[in-house]
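Undergrad: Got a structure for you, questions after.
The values are calculated or read from the model by the stated rules, or taken from the named source; none is laboratory data. Since the model is a prediction, treat every value here as computed from it, not as a measurement. Virtual Cβ from ideal backbone geometry, glycine too; neighbours counted across all protein chains shown. Protein only, heavy atoms only, side chains kept; ligands, DNA and RNA dropped before computing areas. Shrake-Rupley method; radii C 1.70, N 1.55, O 1.52, S 1.80 Å.
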Amino acid sequence: MSRPVIVVVGAGPGVSGSVARAFAREGYDVALLGIDEDQLLTSAGQLEQLGATVGRAVADLTDADAASAAIRRFGEHTGRIDVLHFNPSAFREKDPLELTVAELLEDVTLGVGALLVAVQAARRFMSAGGRVTATGSMAADRPWHRAASLGVQKAGLRNLVHSLDATLAPDGIRAVSVTVRGTLAKEGPFTPDRVAEAILAAARQDESDWHSEVAYSG
């Protein structure tokens, strides 16, 4: 049998990179989708050292056609997608009186809409036991007014994950967002590696007691 496959959407050096390595250590092959080719190459090298076969693609995640095509290529090459992890969000330091509608919609397209695109593209390659995971944030509940669009993105992301889980559950595929209730740091309980461990644990929940949102408080 082929090894399980995780597709990491919004692959970069932070939490997404740690998630990719955490799953690679568990025997997964990895497909990386992001916008920084140099970073993808660096991550691919790290994952290959862990024994994973790695695919990568550069795409603007706000370009639905490009992102969807890249994920379909991953699925067609591997024949399966077992986990789809969604990580991206847009940080724009503007309060609600400065933020324009166009800017808000642009940010939501990345932080929420791209998940919709990714799941729709991956669905045909997923089967019972498949998982959709997403990096959530306490900004969904406690937004910082100086980055107003981020709170909207994270609240929308969580809401969409609930709907995805309800839609996919009859086919044995589950979705979960991990709400990180802390600030990412290089040390302590909120390092990217610790958050990745929480995401891995959330993906491994017992389906009989599944929660489509899991809080990580360190």
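Undergrad: How much mean residue ellipticity at 222 nm does the chain get from its helices, if each DSSP H run of length 4 or more adds -39500 (n - 2.57) and you divide by all residues, to the nearest 500 deg cm²/dmol?
TA: So the helix-based figure for the chain works out to -13000 deg cm²/dmol.
Undergrad: With all protein chains present, how much of the accessible area of the chain (probe radius 1.4 Å) comes from carbon and sulfur, to the nearest whole percent?
TA: 51
Undergrad: So, in Å, what gap is there between the alpha-carbon centers of segment 161-189 and segment 11-46?
TA: About 18 Å separates the Cα centre of segment 161-189 from the one of segment 11-46.
Undergrad: Hey, rough spin-label estimate for GLN49 and ASP209, points 7 angstrom out along Cα→Cβ, what's it come to in nanometres?
TA: Reported label-point gap for GLN49 and ASP209 is 3.8 nm.
Undergrad: How far, in nm, would the chain grow between HIS162 and ALA102 when pulled straight, counting 0.36 nm per residue and subtracting the alpha carbon separation?
TA: 19.0 nm
Undergrad: Here is a follow-up. Highest GNM mean-square fluctuation, the chain, Cα pairs closer than 10 Å: which of SER18, SER208, SER127?
TA: SER208
Undergrad: Please compute the alpha carbon radius of gyration of segment 29-79, then divide it by the globular-protein estimate 2.2 N^0.38 Å. Two decimals is fine.
TA: Rounded to two decimals, the normalised Rg is 1.13.
Undergrad: Given R₀ = 25 Å, FRET efficiency for LYS94-SER217 by Cβ-Cβ distance, to 0.05?
TA: Efficiency, rounded to the nearest 0.05: 0.30.
Undergrad: What do you get for the angle between helix 192-203 and the principal long axis of the chain? Use alpha-carbon atoms, 0 to 90 degrees, nearest ten.
TA: 70
Undergrad: Would you mind working out the accessible area per residue for segment 10-133, using a 1.4 Å probe, and quoting it in Å²?
TA: 46
Undergrad: In addition: Under 10 Å, Cα contacts only: if you run a Gaussian network model on the chain, which one of HIS162, HIS77, HIS85 comes out with the highest mean-square fluctuation?
TA: It is HIS77.
Undergrad: Ignoring everything but the protein chains, give the 1.4 Å probe accessible area of ARG73 in square angstrom, nearest 10.
TA: Roll a 1.4 Å probe over it and ARG73 shows about 140 Å².
Undergrad: Length gain on complete extension for the stretch GLU37 to GLU76, per 0.36 nm per residue less the alpha carbon to alpha carbon distance?
TA: Result: 11.9 nm gained on full extension.
Undergrad: What residue among ILE35, ILE199, ILE71 has the largest mean-square fluctuation in a Gaussian network model of the chain, using Cα springs under 10 Å?
TA: Of the options given, ILE35 has the highest mean-square fluctuation.
Undergrad: Using a 1.4 Å probe, what is the accessible area per residue for segment 157-218, in Å²?
TA: 50
Undergrad: I've got another one for you. Could you tell me the relative contact order of the chain? Use alpha-carbon pairs under 8 Å, at least six residues apart, and round to a whole percent.
TA: 19 percent.
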